[in-house]
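Presented below is the structure to which this report refers.
No value in this document is a laboratory result; all are computed from the given coordinates. The shown structure was predicted, so the numbers you read here are calculated from the model rather than taken from an experiment. Counting neighbours? That spans all protein chains shown, and the Cβs are built from the backbone with ideal geometry, glycine included.
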Amino acid sequence: MQNRNESTDSQYIYLTNSARTKGKDYYFFSLTSLTSVELRENALRSLPASFENLKNLERLDLGDNELQDLPPFIGQLTKLNELWLDHNLLFRLPKEIGNLIQLVCLDVSENQLDELPDEIGNLKCLSDFLASQNNLDRLPPTVGQLSNLTVLKLEQNKLSKLNPNVRYCTKLQELFLRENLLEELGDSIAALTNLKILNMDRNRITFVTERIENLKELGVLSVRMNLIERLPDEIGACVKLMVIDVSGNSV
């Protein structure tokens with residue numbers, strides 16, 4: 001009898017939390033029409049070699065496993081538009097990830113990444129990039145090439161500065177930088193004129209730039225638990241602000 005958590009649809013396989021996932025690598029050698037595979041919560045330590053054959057794959061969910069690295073052949077799955085790698089043990093991403101030029105959503109949150117490859121900038125279609133709860137202390141300068149980025153989550157990392165090239169991500173609408181080591185809300189933020197949500201809680205920010213007045217679309221500003229003593233008068237130009245939270249400062 002087929003496990004209720006297993007689907008053998010010709011375009012979709014769902015094997016979440018399946019005790020029998022091991023040994024099912026044979027599934028993927030012949031199922032070359034697959035467009036979606038979910039293998040969440042299966043204690044996977046490596047990606048099956050047969051995945052190299054899944055050239056039509058558009059969605060791959062490997063979240064909540066025990067992956068320590070991603071094989072270079074991931075770059076051959078060029079039709080991917082969603083890649084979920086959250087809750088693993090990844091120390092790095094291969095440079096070949098830059099070949100996934102149709103990728104729209106990339107989730108690498110809750111891993112052990114301390115850097116991102118420069119090739120991340122090749123992902124021109126990327127809209128949502130989720131990299132919270134890692135060990136990132138910097139972003140590559142190529143982050144500025146992510147021209148379609150709308151959501152960027154970098155919470156609970158070790159960033160002391162936001163790469164100034166972020167200013168070129170002009171479609172960005174949501175930026176989450178909570179619990180880093182940032183000391184200022186710099187001028188590069190001012191170029192993000194489509195920004196609607198900005199969260200920089202629990203950093204070391206001492207001042208908010210006067211150029212925040214450029215953020216005419218900003219609806220939520222949260223800078224809780226920082227070292228801010230005053231807000232600039234120019235914040236009054238942010239006429240769409242509905243929520244402003246400066247709790248735990250010295251304003």
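Before moving on, here are some points about what is shown:
- Test item: Cα-centred dipole of the chain, Lys/Arg +1 and Asp/Glu -1 on Cβ, debye: 260 debye
- Relative contact order %, the chain, counting alpha carbon pairs below 8 Å whose residues are six or more apart: 9 percent
- Note that the range 156-164 has calculated 3J(HN,Hα) couplings of 6, 10, 10, 6, 9, 9, 8, 3, x Hz, one per residue in order, obtained from phi through the Karplus relation 6.51 cos²θ - 1.76 cosθ + 1.60 (θ = phi - 60°); glycine and proline are x.
- Scaling against 2.2 N^0.38 Å puts the C-alpha radius of gyration of the chain at 1.13.
- Projected onto planes of every orientation and averaged, the convex hull of the alpha-carbon atoms in the range 115-218 covers 5.4 nm².
- Residues whose placed amide H lies under 5 Å from that of Asn249, excluding near-sequence neighbours: Met225, Asn226
- Proximity of backbone amide H atoms, modeled 1.01 Å from N, is registered between Leu44 and Glu66 at under 5 Å, excluding neighbours fewer than 5 places apart on the same chain.
- Share antiparallel - DSSP beta bridges, the range 126-251, percent rounded to 5: 0 percent
- Whole-Hz couplings from phi, Karplus 6.51/-1.76/1.60, listed for the range 141-150; x for Gly and Pro: x, 5, 4, x, 8, 7, 6, 10, 5, 10
- Förster radius 22 Å - calculated FRET efficiency between Arg230 and Lys158 (Cβ-Cβ, nearest 0.05): 0.20
- Cross-link pairs beyond the 32 Å C-alpha cut-off, checked among Lys55/Lys161; Lys161/Lys196; Lys79/Lys216; Lys124/Lys158; Lys95/Lys216; Lys95/Lys240: Lys55/Lys161; Lys79/Lys216; Lys95/Lys216; Lys95/Lys240
- Remark: the Asp245-Asp118 segment gains 42.3 nm on full extension, using 0.36 nm per residue and subtracting the alpha carbon distance.
- Extreme residue, positive dipole direction of the range 12-181, given options Leu44, Gln112, Pro94 (C-beta unit charges): Pro94
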